[in-house]
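Below is one structure, written out as structure tokens, with a few remarks after it.
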Amino acid sequence: MTLAPVRLGLRENRAQFSLLVAVNAFVGMMVGLERSTLPLVGREEFHLGSSAAVLSFIVAFGLSKALTNLGAGALAQRAGRRRLLIGGWAVALPVPLLIGVAPSWAWIVAANVLLGINQGLAWSMTVVMKIDLVGPKRRGLALGLNEAAGYGGVALAAGLSGWLAASYAARDVLVVAGAVIAVAALLLSIFFVRDTAAHVALEQSIHQTGANDTPPRLREAFAQASYRVPALRACSQAGLVNNLNDGLAWGLVPLFLAAHGAGAGSIGLVAAVYPGVWSVAQIATGHRSDSVGRKPLIVAGMITQAAALGILALSNGSIVIATATAALLGLGTALVYPTLIAAMSDAVSPVARAPVVGVYRFWRDMGYALGAVIAGTVADALGYGGAIAIVAGLTAASGLWVVRDMPARLAATTPDQQLDPGRPGNRLHATPESPR
């Protein structure tokens, strides 16, 4: 039997790409199940009086996901993308069981540690494998499709779980749906997903310009993506702040609306609209960033998110206003989310991609933990509206940081403009150009 030649491109790899899109939808569903119901479970079943205590499950989730992203990026080239993807789904299997039998909130927190590991491995690998398959020319579109699938899954699961929780016990909904999703995704990954190592090797051979052909050490990738290179530094901080406000939307907004009399169905609607708009819109925004550049979309997205959160803080819990601001927040996030990962990928060589994107995803998902801590402690001191307003201000400041720090344009397809983090002291070689 003759193996088909390895080629880069979305059309050339449409079968595997489509399969990875489906797998990432399952990744999103796993976390979406908690979006509209778990904060309410903490209040109603476990009688938690403090917002900080309720949001502790998001802190656990964010920390474990961030650290897993860091490790997954470093291991991807050595252990293989597919193996890490399968491992991620294996870790997800106990999550529904722990939630179902939990006698205390500590068990829910422990379940979310495992959920964070699942998300860090499975989502990271679907992202990197799609980038591997398509090559540099349609990277923004590929990431838009990936994130659309993931957050489409979040929206679908959030809406359905909120709707079902109005008629059935919220924990029962989480347990049954979570078990079905985890088993189905694990079987798909084992029997149908193929590794993309050959695609990475092909792209690296095409783009050889004297760059190191081995993955950078984690310490080197961490330094480059965290503080040494302005473009990567700007992306990392924007990702952190983006997930900071996403953590607020996940954990605090349901409590904010419930405090103003909203029921589970209405909260589920708001929880679904936000990732729903985000999911659909980022197909277009990811594709658009391939032609107009990454920076304009990132800045516009952060400012849009800040405006949405500012309006929500003044809404007094109105479901109509909350639904509208959820849509606006989703649009702002759609402008930012796939574009940030594409910008990171633009600036690095193919073999450095997984470690550097892993560092970015570490900082981005640290935003969940930081957001939950800020939102919970400030809400206990100043109320829900005050916490939302403070996060709105941080989001606007992050957008201004991108204006100052990120080059006007990164060329995604020119190899001599790529960073090789495996070479100590290297810098981004791209020359800033005027935006189109």
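Coordinate-derived values only; no laboratory data. It should be emphasised that the depicted structure is a prediction, and the values quoted were computed from it without experimental measurement. With ideal geometry, Cβ positions are generated from the backbone for all residues, glycine too; neighbour counts draw on all protein chains shown.
Which FRET efficiency value, to the nearest 0.05, is calculated for Val403 and Val101 with the Förster distance at 35 angstrom and r the Cβ-Cβ distance? Spell out each step's value before the answer.
Details: r = 50 Å, r/R0 = 1.42.
Step by step, r from the Cβ atoms, then E = 0.10.
Report the label-to-label distance for Ser291 and Asn316 in nanometres (one decimal), using points 7 Å from each Cα along the Cα→Cβ vector.
4.5 nm
Once the Cα gyration tensor of the stretch 346-412 is diagonalised, what are the square roots of 5 times its eigenvalues, in whole Å and ordered largest first, as equivalent ellipsoid semi-axes?
Taking √(5λ) for each eigenvalue gives 32, 17, 5 Å, largest first.
Kindly identify the stretch 44-112 as rounded, prolate or oblate by the Cα gyration tensor criterion: order the square roots of the eigenvalues as a ≥ b ≥ c, call it rounded if a/c is under 1.5, otherwise compare a/b with b/c, prolate if a/b is larger, else oblate. Walk me through the intermediate numbers first.
Values: a/c = 5.32, a/b = 2.00, b/c = 2.66.
Oblate, because a/c is 1.5 or more while a/b does not exceed b/c.
Filter the trypsin sites (Lys or Arg not before Pro) in the stretch 5-47 to those in DSSP coil with at most 10 other Cβ atoms within 10 Å of their Cβ, and list the result.
Answer in residue order: Arg11.
Quick one: among Ala52, Ala281, Ala177, which has the greatest mean-square fluctuation in a GNM of the chain with alpha-carbon springs under 10 angstrom?
Ala177
Where in the chain are the DSSP H helices whose C-alpha atoms run 24 Å or more along the long axis and whose mean Kyte hydropathy is at least 0.0?
Span-like helices, by this rule, are 14-32, 56-79, 105-134, 139-165, 170-191, 230-251, 264-292, 295-313, 319-346, 353-382, 384-405.
Pull up all non-local amide H partners of Val348: gap of 5 or more, or a different chain, and H-to-H distance under 5 Å with H placed in the peptide plane.
Leu419
If the chain between Val280 and Ala381 were fully stretched, how many nm would it gain, using 0.36 nm times the residue separation less the Cα-Cα distance?
Going from the current span to full extension adds 32.7 nm.
Just to confirm a number: summing +1 for Lys and Arg and -1 for Asp and Glu over residues other than Gln237 whose beta-carbon lies under 12 angstrom from that of Gln237, what do you get?
Once positives and negatives cancel, what remains is +2.
Just subtract the alpha-carbon distance of Asp172 and Arg11 from 0.36 nm times their residue separation and send over the number in nm, one decimal. Let's see the in-between values first.
Values: separation 161, 0.36 × 161 = 57.96 nm, distance 4.11 nm.
Working it through step by step, the gained length comes to 53.8 nm.
Could you work out the local net charge near Val200, counting Lys and Arg as +1, Asp and Glu as -1, over the other residues with Cβ closer than 10 Å to its Cβ? Don't jump to the answer; show the numbers that get you there.
Numbers: positive: Arg81, Arg353; negative: Asp132, Asp195, Glu203.
Once positives and negatives cancel, what remains is -1.
Any chance you could list the semi-axes, whole Å, largest first, of the equivalent ellipsoid that the Cα gyration tensor gives for the chain, using √(5λ)?
Each semi-axis is √(5λ); the values are 34, 25, 18 Å.
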